[in-house]
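Have a look at the structure below, then the notes.
The values are calculated or read from the model by the stated rules, or taken from the named source; none is laboratory data. The structure presented is a predicted model; accordingly, all values stated were derived computationally and were not measured. Neighbour counts are summed over all protein chains in view; Cβ atoms, including those assigned to glycine, are modelled from backbone coordinates with ideal geometry. SASA here: full protein model, heavy atoms, side chains in, ligands and nucleic acids out. Shrake-Rupley method; radii C 1.70, N 1.55, O 1.52, S 1.80 Å.
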Protein chains: 2
Amino acid sequence: MAELNIIYVGKKPTMNYVLAIVTQFNNNVDKITIKARGKSISKAVDIAEITKHKFIKELKYQSIKLDTEVLEGERGESNVSSIEILLSR
Amino acid sequence: MAELNIIYVGKKPTMNYVLAIVTQFNNNVDKITIKARGKSISKAVDIAEITKHKFIKELKYQSIKLDTEVLEGERGESNVSSIEILLSR
């Protein structure tokens, strides 16, 4: 059965996310989506590239989506960019 | 004639790049590629999203590519992630 898992990129070190993703692929997950917003977008790309080049070379980028999310804050709405990278094998 | 232009994202403010892109599209350019490496990747996504949502709503993401580039430095090689966002209308 194909499972769909989502990894949200935050403040942890890059390799924590890479190892979480590698572990999931090694447990028969077929697809993982990496999601990030704002300055974490660069880290999401690092995570995807390191996973693909150093650990699981048969991975493919099935889709890469960019979007803008609206955040509600104390001082009104603000926009933040987001990325969704769908890795599959 | 379709022209292909490339914008390299560096240390200038986000809006400088957005306005450069909008100006080019207004001068009959059909496609623009935004390229960035490392921490500038987040800024590249901001530039693309702001251009698309605030200025030229008919723009499409024709392709989004992630890659790893090898940089030669004084202390040997290092890897850096990169993004190429092809905007077209």
Strands (runs of 3 or more DSSP E) contained in chain B and holding at least 1 residues open to solvent by 40 Å² or more (accessible area, probe 1.4 Å) and free of Cβ contacts under 8 Å to residues at least 40 places away in the same chain: B:4-8, B:60-73, B:76-88
Of everything in region A:49-78, what is at the interface with chain B (Cβ under 8 Å from one of its Cβ atoms) and in contact with a Lys or Arg (Cβ under 9 Å, 6 or more places away or on another chain)? Give them in sequence order. A:Y61, A:I64, A:L66, A:T68
Report yes if A:S40 is facing another protein chain (nearest Cβ under 9 Å), out of contact with any Cys (no Cβ under 6 Å at 6 or more places or on another chain) and within 22 Å of B:T14 (Cα to Cα), otherwise no. yes
